[in-house]
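To keep things clear, I will list the structure first and then write my remarks on it.
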Amino acid sequence: MCKFTKPTIPADATADERRSLMFDALYSADLSEETEKKSNLTYLSWSQAWKVFKQFYPSATYKIHTNPNTGLPVFESEMGLMVHTEVEADGITYEDWMPIMDYASRAMKSFPYSVQVYDKQTKQYVEKHVEGATTFDVNSAIQRSTVKCMARHGLGLYIYNGFDHIDENGEPQQTQQNSNNGQQNGYQQKNNGGYQRQQAQPRQQYNNNRPAQAQPQPQASVDPNAALKAQVNATTDVQALISLYLDNTAVIEANPDVKNLLTTRKKALQAI
């Protein structure tokens, strides 16, 4: 059973103070008994996530957006297929766009196509076949997207950061070393469509019968994270800072200076 303590909200608390307390409680909820481990990754099903989330927010609702042109819960472009979901709680709605992916986390389209994946052993690109998406793939992506919306509210967010449980002090901890050498982890999709994973992917080259492009020449040394740092410094509230972190998790976790800046900014905002 999920270990959590629902916060006591002071009668004179403002809306932001109430939401901040709820976010901290959701983030600190220990989901270790609702998850399972496989290959050093932590798994959480959409049904377990929704059960715990409704215990915190009984009036919470979710929405699956449909394409106005087709009436179907899927959106298509030349890049691939995506689903669009949202979860509302306490007047705050978080949306998510999730790409539909195959078992190897490759973007799927409505038709089969080929993709070239870099083979580290041969140091060459090898061609792989990606099947066209089915309704099962669409449903799996919808459930994964819904769980990600709940994570934006705080529930299970620590799992996306590579941790697997909350200790007695309410701090996220990792039981054992992840097998992917510190790359970003989260939920993983399984055959029942109820799991999701975030994991850094190898570079891929998609074959859409386009001519090969020349490699870019080295550029003068610049700070590639300058724009992100500016966004962190310009953030005026904790919720916006959290949203910025969720949208740029991989970059922030891979750059200690950006992560330290974000942590410092968060403390400054909390002290206001």
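Every condition in (1) surrounded by 10 or more Cβ atoms within 10 Å (Cβ to Cβ); (2) more than 21 Å from the chain's Cα centre (by Cα); (3) modelled with pLDDT under 50 holds for Lys190 except the one numbered (2). Go through the range 131-160 and give me each residue that's surrounded by 22 or more Cβ atoms within 10 Å (Cβ to Cβ) and free of Cβ contacts under 8 Å to residues at least 40 places away in the same chain. Within the range 131-160, none qualify. On the given criteria, is Val238 closer than 18 Å to Tyr158 by Cβ and buried (at least 17 other Cβ atoms within 10 Å of the Cβ)? So Val238 passes the test.
Against the test of being of a type outside the set (Phe, Trp, Tyr), farther than 30 Å from Thr14 by Cβ and within 17 Å of the chain's Cα centre (by Cα), the options Arg144, Arg152 yield a single qualifying residue, Arg144.
Listed by first and then second residue, the pairs linking a residue in the range 83-106 that is free of Cβ contacts under 8 Å to residues at least 12 places away in the same chain to a residue that is part of a strand (DSSP E or B), with Cβ atoms under 6 Å apart and 6 or more places separating them unless they lie on different chains, are Thr93/Glu86. For the range 256-272, a tally of residues being of a type outside the set (Val, Ile, Thr) and crowded, with 17+ Cβ neighbours inside 10 Å returns 3. The set of residues from the range 106-121 being in a strand (DSSP E or B) and either hydroxyl-bearing (Ser, Thr, Tyr) or within 20 Å of Val147 (Cβ to Cβ) (or both) comprises Ala107, Tyr113, Ser114, Tyr118. When restricted to residues that are among the hydrophobic types (A, V, I, L, M, F, W, C) and outside any helix (DSSP H, G or I), the range 237-272 contains 2. The combined condition, being in contact with a strand residue (DSSP E or B) (Cβ under 8 Å, 6 or more places away or on another chain), more than 30 Å from Pro112 (Cα to Cα) and in contact (Cβ under 8 Å) with a residue 24 or more places away in the chain, is not fulfilled by Ala25.
Residues that are farther than 28 Å from Asn67 by Cβ and touching a strand residue (DSSP E or B) at 6+ places or on another chain (Cβ under 6 Å) within the range 83-127 comprise Gln116, Val117, Tyr118, Asp119, Tyr125, Val126, Glu127, listed in sequence order. So which residues in the range 248-261 are aliphatic (A, V, I, L, M) and under 18 Å from the mean Cα position of the chain (by Cα)? Of everything in the range 248-261, those that are aliphatic (A, V, I, L, M) and under 18 Å from the mean Cα position of the chain (by Cα) turn out to be Ala250, Val251, Ile252, Ala254. Return the residue satisfying two criteria in turn: it lies in the range 30-40 and is in contact with a strand residue (DSSP E or B) (Cβ under 7 Å, 6 or more places away or on another chain) and not charged (D, E, K, R), and of such residues it is modelled with the highest pLDDT. This residue is Leu31. A residue that is at positive phi and either in contact with a helix residue (DSSP H, G or I) (Cβ under 6 Å, 6 or more places away or on another chain) or surrounded by 14 or more Cβ atoms within 10 Å (Cβ to Cβ) (or both) occurs nowhere in the range 109-122.
The values are calculated or read from the model by the stated rules, or taken from the named source; none is laboratory data. Quick caveat, the model's predicted, so the values are computed rather than measured. Positions of Cβ are generated from backbone atoms using ideal geometry, with glycine treated the same way; all protein chains shown enter the neighbour counts.
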